[in-house]
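The structure under discussion appears below in the form of structure tokens.
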Amino acid sequence: MPIAYAPTTVPVVVDDVKCIADKGCTVCVDVCPLDVLRISDLTGKAYMKYDECWYCMPCETDCPTGAVTVNIPYLLR
Amino acid sequence: MDEIKQGLSEIECDVLVIGGGTAGPMAAYKAKRRNPKARVVLLEKANVKRSGAIAMGMDGLNNAVVPGFATPEQYTKEITIANDGICDQAPVYKYASRCFDVIQELDSFGIKFQKTENGDFDVKKVHHLGSYVLPMPNGETVKKALYRQLRREKVLISNRYMATRLLTAKDGRIAGVIAVNTRSAEFLVLRAKTVILCTGAAGRLGLPQSGYLWGTYENATNSGDGYAMAYHAGAGLANIECYQINPLIKDYNGPACAYVAGPFGAYTANSEGNRFIECDYWSGQMMQEFYNELQSGKGPVFLKLNHLHSDTVGQIEAVLHKVERPSRGRFHENRGTNYREKMIEMHISEIGLCSGHSASGVFVDEFARTTVTGLYSAGDMASVPHNYMLGAFTNGAVAGEHAVDFAAEVDVPDYDRDDVVREQERVLAPTQRDDGIPPNQLEYKARRLVNDYLQPPKVTAKMQIGQARLAEVRDDLDNAMVVRDSHELMRALEVSSILDCADMAAYASLFRTESRWGLYHNRVDYPEKNEEDWFCHSILSKRDGRMTAEKRAVEPYLVPIDESERDAYDRQRIRQHA
């Protein structure tokens, strides 16, 4: 059986203008307990790849440029 | 990143600590301090900097035994009563006697504890009988402070490795662990003289009512891997039927009010705004009254702060919205709910296994030893009841020190190479399929079944249906699960832990044919507490490949409990005044 993708709005949003992942920063990816953030090959910026968020906020707190915002996942709002 | 690679390497150490949350770092630190020559490795599935229950810090100590406010005897008595008498007191007493030293040590790391104007510790009363709650004004810094100490002591840290199975020697001793890298699927065999399991609660067992798999009370990384590993290595697990269930803000995984807002005058109320429980301290008996009120015409249940002065609420918010669960303020903002204006709806959490809050954990003695030689455990997953964060630190210290001494006297045991080959095959099996069921669907179904059949009130026939349905999910996990990258592989392995914990929860719940610990083990078809047959631990273990359970006597009390005190925690409901 083929595997389909279920669309989901992700809680963690990264401001590409502020994000310095393309300069080598990986702080948010490193600190996420659920390991759901990655650096995009396309843009060089961090993004949420897996919607498996505990909305715990190390990514936002530890980001050196204030590029990351953690929202409450839609199902909980 | 995330593609599946081939690889197998091996390292050797004296003390291997699995889990870098709260107990783990302290165990590793203490082991290294005691014997600087020892090779101490700390293995972590995430990153030690921000892992575990205190990833964002903690607002305070729930169970501090501070001289002048409480004695180890009083605390041991309180926890024995709170846990319905089923308590080996030696580990609790040891914790209570040692935890003040640990408080002073944490203070030397830069973690502050609240003091009054007179310079005394500002201990608050939240428990039914004694005073043990001590706020931490800079509690958000606790992980950073710990991490600094680990670096200073040169503890070897391996992040992003998930331990999957413990290795044992021919004589049954612990020999190490097999781990898999969560970003490359490469294997690492860690041979060790001693292993300390500190992987936290089995918190991803029930499904939160929101339906979001990751909205659990416990850090969602805590999928019960340690419970599963201990089980498969033959260790005994104690009182697994004594679930963890917590009172939370409805739809948000923030704890309610007992420890932070309670001392300021906030309380748990029914829809009429009235108190219905005497004491907000988390116990199974309190949770039963909470559940009763939810189901009653006076439900649901609320957190009441709107009678407090706006500045007082501000003080509470400054803690609740900053430490431990800092996204809480955002949740209320979205909902348009403000503590000052209205009572906030509460609900009970999904079920989990956890000794930190209740009493379901891998059996340990007062030296944090499990029933497997060389295997230790501390923190939420070890069976010291109600031990919370300070218990994780203190018992982690006990484990680290004992393990490093033990390691000095023994060689690194040999292990069976075939065990590693078999484990590699098991782990990688879902990566060999082109087609099948992804782990997230298996997990959703397993946890939905946990809610439908395993959560209390527990009914025998429902439990049995649950077991049969969960066996079907396991069959799918073994034969039809498909995994496409190493991140998904980690999730797949976690589902395997979740299923193991669900099986243990059902098995242990059916074994104990009485009701005890309030809601935690409310068996509807055995509604009474049965002291004659069940004043004992239940110990679950794997024997000859099968799950078994047996009774184990409660050790004679060190601190006697008077007959009149025994049921103090049964009197939670506020009595109607004439």
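Within the stretch B:548-571, the residues that satisfy the criterion of being touching a strand residue (DSSP E or B) at 6+ places or on another chain (Cβ under 7 Å) and not β-branched (Val, Ile, Thr) are B:ALA549, B:GLU550, B:LYS551, B:ARG552, B:ALA553.
Among the residues that make up the stretch B:206-214, is at least one of them within 22 Å of B:THR22 (Cα to Cα) and either modelled with pLDDT of 95 or more or among the acidic types (Asp, Glu) (or both)?
Yes, that holds for at least one residue.
Quick one: would you say B:LEU390 is under 27 Å from the mean Cα position of the chain (by Cα) and under 30 Å from B:ARG516 (Cβ atoms)?
yes
Listed by position, the helices (runs of 4 or more DSSP H) enclosed by the stretch B:274-355 that each have at least 1 residues that are within 14 Å of another protein chain (Cβ to nearest Cβ) and either open to solvent by less than 40 Å² (accessible area, probe 1.4 Å) or out of contact with any His (no Cβ under 8 Å at 6 or more places or on another chain) (or both) are B:310-320, B:328-335.
If only residues of the stretch B:245-273 that are over 24 Å from B:ARG516 (Cα atoms) and of a type in the set (Val, Ile, Thr) are counted, the one that is least open to solvent (accessible area, probe 1.4 Å) is B:ILE249.
Here's the yes/no breakdown for (1) exposed (fewer than 14 other Cβ atoms within 10 Å of the Cβ); (2) under 30 Å from B:SER184 (Cβ atoms); (3) more than 14 Å from chain A (Cβ to nearest Cβ); (4) in contact (Cβ under 8 Å) with a residue 60 or more places away in the chain:
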residue: B:ASP476; (1), (2), (3), (4): no, yes, no, no
residue: B:MET490; (1), (2), (3), (4): no, yes, no, yes
residue: B:ALA508; (1), (2), (3), (4): no, no, yes, yes
residue: B:HIS521; (1), (2), (3), (4): no, no, yes, yes
residue: B:TYR526; (1), (2), (3), (4): no, no, yes, no
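Annotation note: of B:ALA38, B:ALA28, B:ALA70, the sole residue that is among the aliphatic types (A, V, I, L, M) and within 21 Å of the chain's Cα centre (by Cα) is B:ALA28.
I need a count of the residues in the stretch B:220-251 that are within 21 Å of A:VAL36 (Cβ to Cβ) and out of contact with any Cys (no Cβ under 7 Å at 6 or more places or on another chain).
Total satisfying the criteria: 6.
Screening the stretch B:387-403 for residues that are within 22 Å of B:GLU140 (Cα to Cα) and open to solvent by less than 10 Å² (accessible area, probe 1.4 Å) and picking the one that is modelled with the lowest pLDDT gives B:ASN387. Could you count how many residues in the stretch B:254-273 are touching a strand residue (DSSP E or B) at 6+ places or on another chain (Cβ under 9 Å) and either of a type in the set (S, T, N, Q) or in a loop (DSSP other than H, G, I, E, B) (or both)? Of the residues in that region, 12 qualify.
Just a yes or no: is a residue in the stretch A:33-54 charged (D, E, K, R), more than 21 Å from B:SER51 (Cα to Cα) and under 11 Å from the mean Cα position of the chain (by Cα)? Step through it out loud before you land on a result.
Applying the first criterion (charged (D, E, K, R)) to the stretch A:33-54 yields A:35, A:38, A:41, A:45, A:49, A:51-52.
This time we only want the ones that are more than 21 Å from B:SER51 (Cα to Cα), so: A:41, A:45.
Among the residues that remain, those that are also under 11 Å from the mean Cα position of the chain (by Cα) are: A:45.
Yes, some residue in the stretch A:33-54 is charged (D, E, K, R), more than 21 Å from B:SER51 (Cα to Cα) and under 11 Å from the mean Cα position of the chain (by Cα).
When B:PRO457 is tested against (1) open to solvent by less than 50 Å² (accessible area, probe 1.4 Å); (2) in contact with a strand residue (DSSP E or B) (Cβ under 8 Å, 6 or more places away or on another chain); (3) within 14 Å of another protein chain (Cβ to nearest Cβ), only condition (3) is not met.
Among the listed residues B:GLY21, B:GLY52, B:GLY57, identify the single one that is buried (at least 24 other Cβ atoms within 10 Å of the Cβ) and at positive phi. Break it down stepwise before answering.
Numbers: B:GLY21 fails: at positive phi; B:GLY57 fails: buried (at least 24 other Cβ atoms within 10 Å of the Cβ).
On inspection, the qualifying residue turns out to be B:GLY52.
Mind listing whichever residues of the stretch B:51-79 are part of a helix (DSSP H, G or I) and in contact with a Lys or Arg (Cβ under 9 Å, 6 or more places away or on another chain)? B:PRO72, the sole residue that qualifies.
Scanning for something modelled with pLDDT under 95 and out of contact with any Lys or Arg (no Cβ under 8 Å at 6 or more places or on another chain), does the stretch B:405-418 turn up at least one residue?
Residues of the stretch B:405-418 that are modelled with pLDDT under 95, as a first pass: none.
Scanning the stretch B:405-418, I find no residue that is modelled with pLDDT under 95 and out of contact with any Lys or Arg (no Cβ under 8 Å at 6 or more places or on another chain), so the answer is no.
Go through the residues of the stretch B:21-41 one by one and say whether even a single one is within 14 Å of chain A (Cβ to nearest Cβ) and assigned to a loop (DSSP other than H, G, I, E, B). So far as the stretch B:21-41 goes, yes, one or more of its residues are within 14 Å of chain A (Cβ to nearest Cβ) and assigned to a loop (DSSP other than H, G, I, E, B). Residues of the stretch B:192-217 that are in contact (Cβ under 8 Å) with a residue 24 or more places away in the chain, among the hydroxyl-bearing types (Ser, Thr, Tyr) and part of a loop (DSSP other than H, G, I, E, B): B:THR199, B:SER210, B:THR216, B:TYR217.
So that you can scan it fast, the table gives a plain yes or no per residue for (1) facing chain A (nearest Cβ under 10 Å); (2) of a type in the set (Lys, Arg):
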| site | (1), (2) |
| --- | --- |
| B:ALA179 | no, no |
| B:LEU190 | no, no |
| B:LYS193 | no, yes |
| B:CYS198 | no, no |
| B:LEU205 | no, no |
| B:GLY211 | yes, no |
| B:ASN219 | yes, no |
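Of all residues in the stretch A:67-77, those being open to solvent by less than 40 Å² (accessible area, probe 1.4 Å) and either at the interface with another protein chain (Cβ under 9 Å from one of its Cβ atoms) or assigned to a loop (DSSP other than H, G, I, E, B) (or both) number 5.
Report whether or not B:GLN432 is away from chain A (no Cβ under 14 Å), touching a residue at least 40 places away in the same chain (Cβ under 8 Å) and open to solvent by 10 Å² or more (accessible area, probe 1.4 Å). In short, no.
The values are calculated or read from the model by the stated rules, or taken from the named source; none is laboratory data. In this text, all values refer to a predicted model and were calculated from it rather than measured experimentally. Note that each Cβ is placed from the backbone with ideal geometry, even for glycine, and that neighbours are counted across all protein chains shown. Side chains included, ligands, DNA and RNA excluded: accessible areas come from the protein's heavy atoms. Shrake-Rupley method; radii C 1.70, N 1.55, O 1.52, S 1.80 Å.
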